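Below: the structure, in structure tokens.
The values are calculated or read from the model by the stated rules, or taken from the named source; none is laboratory data. Since this is a predicted model, take the numbers as computed values, not measurements. Here the Cβ is made from the backbone with ideal geometry for all residues, glycine too, and neighbour counts use every protein chain on show. All accessible areas refer to the heavy atoms of the entire protein, side chains included, with ligands and DNA or RNA removed. Shrake-Rupley method; radii C 1.70, N 1.55, O 1.52, S 1.80 Å.
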Amino acid sequence: AAVDETPAENPVAPPTAAPVAAATDAPVESPVEAPVETTDAPVESPVEAPVETTDAPTAAPEEKPAPASTPKAGKKMFEDGEYVYSKFAEVKPLIDHPLPDDDTKAKIKEQYGKWGFFDGDEETRPNDDYLAPFPNRDMPGDDMPEDAWQVDAVFVNHYLDAANNMLSKAVEAIYEELGHPKPTDTDGQIARKKMLHWSKVDLSDASGPPPKYAKKGDRGDGGWTTERSFDGLVLRLLHAMMTSDTFTVVMAGHSAAAGQGNHFRQSYMMQFYKVMEPIFARLGVKLITRNVGMGGLGTIQNGLGSGSIYGDEVDLLIWDSGMTEGQSVSHVDTFLRQGLIGGNRVPVVWGGNFALLKMLHEEADADVGEFGWGTDALLEATSKEEFEALPYAQKGMKCAESVQSLCDAEPRFCAKCWIDRDDGIKPEKTQINNPKGQVKWHPGWRMHQLIGRNMAMGILSALQAAINKWNENVMGGPPLADEFWHVTDYYDNIRDKVKNLDKELGECYKDENLPHRVCNTPMKARTQYTPRANPEESSLTSIIKPTADGYVPKNEKKALYDGPDAHNTCYDLPEGAMDIFDVVATRRRLNTVPTEVTAEKAEVEPFTIHTDELSTRKLGDDEIVPGKGWEIWGEPQGYCDGTYNAVCSLETDNECALYGHHDARGGIIGNEFSGWLVLTLNDLKEGLIMIKLHTWHTPNESVMTKDWTSVNNEPTGRRLRERSLRTETISNDQRSLGVRPTDTVELPDTFVFEYAIDGKITSLSKAEFLEKNHHIQRVVENLVLLDDENFTSEPKDVEVAIRMKGCERVCTFALTHIYWA
């Protein structure tokens, strides 16, 4: 839902006489990322107030040092007989974009050439996934089977040659789409390269970001990174190619970054995926791209459980939440640290407070960078003739003052809530004219597309560097030496340094409302918020203990229809416009079997709902029995994991059915009548449990308990008092505007909040609950249930339960997140 999210100016470092980080003199090919920008009004940049740091380490933190990381065993990516190029490198259509037809492919091949690589010796390749037994699939090159493709000189040489040509083709296509075909002169080529150039800076003596990323900088180029961080990105790309693994890019941000006002697939993360997925596929890598932007929120609510909610195999983690979290520097620090230590992989991080990025780079060897907006590539129209000659991708984005009216007249958004279908299916709910969120501080589809192209150009540069390094280091024959692509030691070094950072560095330990151990302890989490990685496994419902009759809350929403949407002209290109997907997806067809387009569901271990032999726990006369009155609230229909091909929020009562966004604040809702909500936390070993609640719901939002008068609506049970407690409802107008109150409802003096950990009940009075339930950000409440590092001497499963008493239906709360370690 669209929410009131007026931009706030972010504090930045005051000007100093000291030099800022210097860029290299010549354009350097580097990684890229891009935030969101608006065309009508300036939008904050995600650069927050610098955090004071010290040049030298100070006293060690009082918290006990985190244990060294233990590498996890590898994973099986392929079934026997499937680890062959024609199967793991298949280019697939998108859910809204088929592969180019033969005529289109012929034209593209004539202009750009073709991807001509194939493996002529597939029948001789090993039958099994020989990399699977090794941590991070880091198999020593000397141990590889002699018929593996990684050690086949013919395969590797042809693969690298074809990759080189493909990357060059993709770069040219992006430049041409933006109206910059390849210049014939050297000066023109240099000028073009600078448009989306990434600077490599020396952070060791930098007092602030490069000028374009200072408070009044235009952020118009590709971005900035460091030499070591760029090499770290190249290492990860080489690893993904050598192991035929996944490469995962995740963005956490606010509504502008999410792309609100536009269709979900018009957002910059999805535009990045649209260009890069076929390229990664040909390289034998599965690209996963998640847009986890959420309107009206920062990142702390999900960042506290980064490895569970964003995914535990993230290679590039992006922060773009300056409007909503720019001044909460301690929360940005927590997001970055949990992102680095919370998963199986240690990602490159782009975005966030400059001083934090510098500190993590210098003190923990983290790979960092900051993304630009790519606006240096925009052509300015100074006349009507020039405006009409602009490429379609740039129409209306930059005009001289004399013709600004032409740019103003070009619609910034193109998004539709409903298009009549040939099959006659119609939504149950009246559709609004335009999606919400089409406000001045949200960029339109062209800006998102530009940012996505800018990101693609940066990754293409890093891929080119990776191919060059591979080429240069197999002159004596493959395989590529382990030092160029093994990641386990690289990850462990960064992860362990982050865990053991001095507590005076950064802002994380200065947060008084969160346990300090979240700064150095990888957290697990479950949530009903979307989007989230592996939505079934990462849901609260996956760990809820069933009632005696087997009830667990379930999302009962149904899809309005199955199959593709009606044709949407917002995705159409005019005659002669560049279709980059067609360019990068054109290849010789290796597989003639039609491919079904589905969401990129992760391969995870099947989860089970926990049941104990004993259905209840007792403490004195109080039984902890799973309650029957809890239900899912606010979670959309579908597979809402933030990826391109996933279908989310297409429920029958959606008032903007084609919007496509995954952003929703779901929870498990209940009140006093609902009884105990019981959950099982697996593998708890650090004695740390926190929950996040919505304490602002109205009684009518708990549909299940509407007519109940006792706990679990049991007529034989203790009947609660007959008096009526004051209730409130939220009007449809308030809800549609996204301005509903989010402060804790007025609780009666008789209110008690209880929680139990392995059967031991703790009761909080109204005053105690309000004191301990910290509102750490807008719409983000955090209640610590356990912070005891001596709670257990070994990992174990722990049962946690919560309930409300003395409030009937007034205290209608929703559990949205639970975190533990």
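Set the bar at 28 Å for Cα to Cα. Now go through K107/K212; K193/K215; K92/K416; K286/K503 and name every pair that lies beyond it.
K107/K212; K286/K503
Roughly to the nearest percent, how much of the accessible area of the stretch 173-279 is carbon and sulfur, given a 1.4 Å probe?
50
How large is Rg over Rh for the stretch 131-209, taking Rg from the Cα atoms and Rh as the Kirkwood inverse mean of 1/r across Cα pairs?
Using only Cα positions, Rg/Rh for the stretch 131-209 is 1.18.
How far is the Cα center of the stretch 370-407 from the Cα center of the stretch 289-306, in Å?
Cα centres, the stretch 370-407 to the stretch 289-306: 33 Å.
Rounded, prolate or oblate: which fits the stretch 183-238, taking a ≥ b ≥ c as square roots of the Cα gyration tensor eigenvalues, rounded meaning a/c under 1.5, else prolate when a/b beats b/c?
Oblate is the answer for the stretch 183-238, as a/c is 1.5 or above yet b/c matches or exceeds a/b.
Over the stretch 344-434, give the accessible area per residue in Å² for a 1.4 Å probe, as an integer.
44
With a/c under 1.5 counting as rounded, go ahead and sort the stretch 359-507 into rounded, prolate or oblate using the C-alpha gyration tensor (a ≥ b ≥ c being the square roots of the eigenvalues; past the cut-off, prolate if a/b is larger than b/c, else oblate).
Prolate, because a/c is 1.5 or more and a/b exceeds b/c.
What order do you get for 300-310, 374-384, 692-702 when each peptide is scored by the mean count of other beta carbon atoms within 10 Å, highest first?
Output ranking for 300-310, 374-384, 692-702: 300-310, 692-702, 374-384.
Around D147, what is the net charge, scoring Lys/Arg as +1 and Asp/Glu as -1 over all other residues with Cβ under 11 Å from its Cβ?
Its environment carries a net charge of -4.
Across the Cα atoms of the stretch 470-595, what radius of gyration and what greatest pairwise Cα-Cα distance (Dmax) are found, in Å?
25.2, 67
On the protein heavy atoms, probe 1.4 angstrom, tell me the percent of accessible surface of the stretch 352-490 carried by carbon and sulfur.
46
How big is the Kirkwood radius of the stretch 489-539, worked out from every pair of different alpha carbons and given in Å to one decimal?
Answer for the stretch 489-539: a Kirkwood hydrodynamic radius of 13.2 Å.
Express in Å², to the nearest 10, the accessible area of D502 obtained by rolling a 1.4 Å probe over the protein heavy atoms while all chains stay in place.
Approximately 10 Å² of D502 is accessible to the 1.4 Å probe.
Given 37 °C and 0.692 mPa s, how large is the Stokes-Einstein diffusion coefficient of the stretch 101-155 in µm²/s, with Rh as the Kirkwood radius over Cα pairs?
232
Does the stretch 205-343 come out rounded, prolate or oblate by the C-alpha gyration tensor, with a ≥ b ≥ c the root eigenvalues, rounded set by a/c under 1.5 and, if not, prolate when a/b is larger than b/c and oblate if not?
Rounded, since a/c falls under 1.5.
Peptides 162-174, 551-563: what's the order by average Cβ count within 10 Å, highest mean first?
Top of the packing list down: 162-174, 551-563.
Taking all protein chains as present, what is the carbon and sulfur share of the accessible area of the stretch 638-687, in % to the nearest whole number, probe 1.4 Å?
The nonpolar share, carbon plus sulfur, comes to 43 percent.
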